[in-house]
Amino acid sequence: MTVEDRSNIDKILKTLEKLSSTAVKIGILSKSGGEILLIANVNEYGCSIPVTNKMRGFFRYEFGINISKDTKVIKIPERSFVRSSFDENQNKIESYGDLLEAVIDSKISVDNFYQIIGNACVNMIKDYIKGGSFEPNSPVTLNHKRPKTKPLIDTGRLINSIDFEVIYV
């Protein structure tokens, strides 16, 4: 009598190895460039900018605004869109774990699994930006970006820079 192994253990182990050596990066990726990364970082975490005499001159010349000598810092409020969208959608993101069975059963590839998650998270972040309630822009910012008035949306560069990348670790 011959025993035949139909368990596909070797195939499952290879799939699990590929799953554990693959990941997905989601957000504003380094390929977007330094300026948009800076804008994203400042909005995600907020920023305090020390006011200098040079800055006072720039604001007076560029915007017709006199910054008082008493003003020492300009504060850009935190408008988290990556972390907050993750927090708001954590259950939805965790539900993609249900696809792991399909990966183990070879119904979808490891790469497709991570692409599905990447696309879903990119869309969640973009939807959060479009529908999120963020601290309003300052009057100076509003004058500069008219007619758009929603924080994080002006030219579309930020929202269009949200992307994902499947990586192999």
Restricting to aspartates and glutamates and to Cα separations under 15 Å from K75, and discarding same-chain partners fewer than 8 apart, the set is E44, E135
With R₀ set to 45 angstrom, the calculated FRET efficiency between the beta-carbons of S133 and N53, to the nearest 0.05, is 0.80
Any residue on another chain or 5+ positions along whose placed amide H is under 5 Å from the amide H of T22 is listed here as V169
Burial-style ranking of 158-165, 89-96, average other-beta-carbon count within 10 Å with highest first, yields 158-165, 89-96
Each label sits 7 Å from Cα toward the beta-carbon; between I167 and N112 the label points are separated, in nm, by 2.5
With Cα springs under 10 Å, the Gaussian network model of the chain assigns the largest mean-square fluctuation among G34, G57, G132 to G57
Asserting the computed 222 nm helical MRE of the chain (DSSP H runs at least 4 long, -39500 (n - 2.57) per run, divided by residue count, to nearest 500) equals -14500 deg cm²/dmol
Sorting V166, M124, G156 by the position of each Cα along the dipole of segment 48-169 (Lys, Arg +1; Asp, Glu -1; all at Cβ), the one nearest the positive end of that ordering is G156
Sorting N112, V140, G33 by the position of each Cα along the dipole of the chain (Lys, Arg +1; Asp, Glu -1; all at Cβ), the one nearest the positive end of that ordering is V140
Surpassing 25 Å at the alpha-carbon level, of the pairs K72/K130; K18/K130; K69/K130; K54/K126; K92/K126; K31/K72, are K72/K130; K18/K130; K69/K130; K54/K126; K31/K72
Checking D127, D87, D98 against a Gaussian network model of the chain (alpha-carbon springs below 10 Å), the top fluctuating residue turns out to be D98
Largest fluctuation, A40, A102, A120 only, Gaussian network model of the chain with Cα springs under 10 angstrom, belongs to A102
Binned at 5 Å from zero, the C-alpha pair distances of segment 20-169 give percents of 2, 8, 14, 17, 16, 13, 9, 7, 5, 4, 2, 1, 1, 0
Under the 7 Å Cα-to-Cβ spin-label approximation, V42 and V3 lie apart by a distance in nanometres of 6.8
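Since every read-out is calculated from the coordinates, none of them should be taken as a lab result. Just so we're clear, the structure is a prediction, and the values are computed from it rather than from any experiment. Neighbour counts run over all protein chains shown; Cβ positions are idealised from the backbone, glycine included.
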